[in-house]
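K.L.:
One structure, pasted below without further comment.
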Amino acid sequence: MELESDFRFRPLPLVNQPLVFTESLTASPLGPLADLKGTWVGKGFNMIWRPHQPGQDRFLELNLTQETIQFEEIPGEIPNRGLLQADINMFGLTYLQQIKDANNHAGLHLEPGIWATVPATTNPSESPTVLRVASIPHGTTILAQGLALDVKGPPKISPADITPFAIGNPAQKFPFPESNLSIPTNFRSPPADIVGITQAMVDNPNSVLTAALAGHTVKHTTVLSVSTNPAKPVVGGGTANTAFLAGAAAGPNAVSAEATSIFWIEVVQGPAGSPDIHQLQYTQEVLLNFNGLSWPHITVGTLRKK
């Protein structure tokens with residue numbers, strides 16, 4: 001994914017509102033996104049409850065993953081015109097994410113998208129935010145907006161839970177035997193495809209991220225936390241699904257109802273005499289709604305900049 005060499009946004013007429021990220025340590029107009037530029041490669045873990053027939057309504061797919069994300073800066077200012085709010089400029093990067101299964105090498109995920117910065121606004125009254133726009137070939141698009149901050153030291157990574165729950169009620173959980181690797185089943189990825197996956201990873205996918213940090217010193221972390229839920233943490237965001245995914249009156253086939261992700265851009269102390277290392281970690285949860293439940297689809301990754 002490469003822009004033409006002479007492509008550049010140029011607002012006509014110019015937009016004069018400055019872009020200010022009060023939490024950012026960089027003077028770049030990309031603000032907290034500045035260090036994303038480049039190509040990142042690494043590995044991670046993916047799990048998804050997906051609809052299944054016949055036999056039962058669900059199948060648990062588990063994958064060790066290999067991943068590449070390429071970020072390219074969008075030249076120029078991205079103008080947004082307002083009526084009740086003064087015009088603003090945004091700045092951003094395009095990206096292309098590719099994920100494949102590390103055991104059987106099947107392609108799992110392809111995602112073109114954009115990360116961008118949004119300055120503080122008065123209508124709505126919001127502090128500076130970041131947004132992620134993504135398009136997934138299965139038939140879903142997401143717009144996730146949220147906050148960025150800089151912290152000293154390593155990221156704070158909370159546990160993640162793959163247990164399905166009643167739609168709209170995360171406290172009403174419905175555990176299923178497929179998440180117990182000691183119980184044989186035809187409704188989970190076969191043993192040959194889950195070599196290297198442990199029960200601890202299934203119980204808490206984010207444990208893969210904390211394990212990757214073991215033995216390393218993280219000096220600084222930029223946190224990018226975004227969600228499609230317009231109630232948290234800012235008013236923007238949402239998902240859109242094809243007619244097939246949305247289904248008919250009887251209910252969805254598998255609608256992507258909500259997506260939440262946290263990206264950590266980390267500066268890791270290099271070995272003695274070597275420069276520091278840029279590392280990108282993320283956790284993402286997409287809620288797939290079908291058959292009366294929200295089924296977590298969780299993906300995590302740890303990547304290094306080439």
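K.L.:
How much accessible area per residue does the stretch 95-156 have, in Å², with a 1.4 Å probe? List each step's numbers first, then the result.
P.N.:
On the way: 2830 Å² over 62 residues.
Computed with neighbouring chains in place, this is 46 Å² per residue.
K.L.:
Return an integer: the convex hull volume of the alpha-carbon atoms of the stretch 75-221, in Å³ per residue.
P.N.:
Measuring per residue, one finds 203 Å³ for the Cα hull of the stretch 75-221.
K.L.:
What is the percent carbon and sulfur in the accessible area of the chain, measuring with a 1.4 Å probe over the protein chains and ignoring ligands?
P.N.:
58 percent
K.L.:
Can you tally the lysine pairs in the chain where the Cα-Cα distance is under 15 Å and the two residues are eight or more apart, or on different chains?
P.N.:
Close lysine pairs under the 15 Å cut-off: 7.
K.L.:
Another question, if that's okay. To the nearest 500 deg cm²/dmol, what mean residue ellipticity at 222 nm is calculated for the chain from DSSP H runs of n ≥ 4 alone, each contributing -39,500 (n - 2.57), summed and divided by the residues?
P.N.:
-1000 deg cm²/dmol, from helical runs alone.
K.L.:
Hey, another quick one. Using heavy-atom solvent-accessible surface (probe 1.4 Å) with all chains present, what is the largest-first order of 111, 258, 73?
P.N.:
73, 258, 111
K.L.:
Related question: How large is ³J(HN,Hα), in whole Hz, for each residue of the stretch 93-109 in order, when computed from phi with the Karplus curve 6.51 cos²θ - 1.76 cosθ + 1.60 and θ = phi - 60°, using x for Gly and Pro?
P.N.:
Once θ is set to phi - 60°, the couplings for the stretch 93-109 become 9, 8, 8, 9, 9, 10, 10, 10, 6, 6, 8, 10, 6, 6, x, 10, 8 Hz.
K.L.:
If we count every other residue with Cβ under 14 angstrom of residue 67's Cβ, Lys/Arg +1 and Asp/Glu -1, where does the sum land?
P.N.:
Result for the local shell: +3.
K.L.:
How many Å² of accessible area per residue for the stretch 177-306, probe 1.4 Å?
P.N.:
Here the residues of the stretch 177-306 average 44 Å² of exposed surface.
The values are calculated or read from the model by the stated rules, or taken from the named source; none is laboratory data. The structure presented is a predicted model; accordingly, all values stated were derived computationally and were not measured. Glycine also receives a Cβ, built like all others from the backbone with ideal geometry; neighbour counts cover every protein chain displayed. With ligands, DNA and RNA removed, areas are computed over all heavy atoms of the protein, side chains included. Shrake-Rupley method; radii C 1.70, N 1.55, O 1.52, S 1.80 Å.
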